[in-house]
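Step one of this worksheet: look at the structure below.
Please treat every number below as a calculation from the coordinates, not as lab data. Values in this document were obtained by computation on a predicted structure and should not be read as measured data. Here Cβ is always computed from backbone atoms with ideal geometry, including for glycine, and neighbour counts include all displayed protein chains.
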Amino acid sequence: MAKVIDGKAIAAQLREEIKQQTEQLKQQGVTPGLAVVLVGEDPASRVYVSMKEKACEAAGIFSDEHKLPAETTEAQLLALIDELNNDKRIDGILVQLPLPDHIDESKVLEAISPKKDVDGFHPYNVGRLVTGNPLFQPCTPYGVMKMLEAIDCDLTGKEVVVVGRSNIVGKPVALMCLAKHATVTVCHSRTKDLAEVVRKADVVIAAVGRPEMVKGDWLKPGAVVIDVGVNRVGEKKLVGDVDYEGACEVASAITPVPGGVGPMTITMLLYNTLESAKRRV
Ligand code: NDP
């Protein structure tokens, strides 16, 4: 049976370290600050924003929330970002996605100062990740890397198969694994014989958004499985992109859903904000 990689415990430990380091920074007169901008009333986004606010509070990080109405214009949003870019109390700026249709998402993300881009989505930070000299790394894939580190999974020379090529998970996590000297294959909806490709992996990272798509018999015995997927099935149940029961029979270690990658994402947001504040000292 696979060892369960306990994302909640790893995240809790990291949050404790973040809290302690935040306290030390405060003693040097610097309080890390995160600005979170929400436009509109999307219920899921509201939940995420309030979770981020609570996490900041628990870590001692100053949280500056901006809840704007859905009819906010692009110009108004850009003006707020400009203000936050110049606000000395703010080390990180996060614009909650998705934005309403009348606002150009990439224009907004590119307006955030790369030095405060704690989500790591600005092309400058993407470029730094590609060239192997990262400044801010996107939170979910960064969380995946911290989990692999926490279980002492050395990627050097390993075969990593990433299923999914999104800009927020698949592509950045592939680059991060490459930086750790893995041999990386990135799969997507047009990949031929996906099961066969996954079968050669020492480490599988699934970020697809399809409930339980990766089956246990796709895995090489002893593989490490990181399941980024969060899929709602029925009223309440959440499942990942991996068939957990089946995979547990074959894998050496696996992240559960929920309680795996999920808790790491906000943790890495706090981590990036703290790192940004340290650069201010
Ligand atoms: P996207 O929808 O942006 O990307 C999904 C990727 O999966 C695409 O590259 C797509 O291929 C690929 N794909 C879709 N169907 C198949 C298939 N049948 N076979 C192979 N590849 C396929 O999703 P995200 O990357 O944003 O998210 C992925 C999952 O991770 C979701 O469940 C999401 O909820 C979850 N997530 C969890 C987070 C967390 O904090 N735990 C944070 C972010 C995401 P193509 O490019 O060809 O279309």
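The alpha-carbon positions of region 29-115 define a convex hull whose volume is 80 Å³ per residue. Within the straight-line cut-off of under 13 Å between alpha carbons, the aspartates and glutamates reachable from Lys278 are Glu23, Asp91, sequence neighbours fewer than 8 places apart in one chain being disregarded. The ellipsoid equivalent to the alpha-carbon distribution of region 121-210 has semi-axes of 20, 16, 11 angstrom, derived from the gyration tensor eigenvalues as √(5λ) and listed largest first. When the P(r) of region 144-191 is calculated, the portion above 12 Å amounts to 60% of the C-alpha pairs.
Considering only Lys115, Lys180, Lys236, the Gaussian network model of the chain with Cα springs below 10 Å gives its largest mean-square fluctuation to Lys236.
Checking the Cα-Cα distances for Lys26/Lys115; Lys107/Lys192; Lys19/Lys116; Lys19/Lys236; Lys180/Lys237 against a 27 Å cut-off, the pairs over it are Lys107/Lys192; Lys19/Lys236; Lys180/Lys237. Taking only the C-alpha atoms of region 139-262, the Rg (one decimal) and the largest Cα-Cα distance, Dmax (whole number), read 13.0, 42 Å.
Using the Cβ-Cβ distance between Arg199 and Ala9 with R0 = 25 Å, the FRET efficiency computed as 1/(1 + (r/R0)^6) comes to roughly 0.25. What does the charge count around Tyr244 come to, taking other residues whose C-beta lies under 9 Å from its C-beta (Lys +1, Arg +1, Asp -1, Glu -1)? My count for the surroundings of Tyr244 gives -4. Extending 7 Å from the Cα toward the beta-carbon at both Thr185 and Tyr124 defines two label points whose distance is 3.8 nm.
Across the alpha-carbon set of the chain, the Rg to Rh ratio works out to 0.98, Rh being the Kirkwood radius. Extending 7 Å from the Cα toward the beta-carbon at both Arg280 and Leu68 defines two label points whose distance is 2.1 nm.
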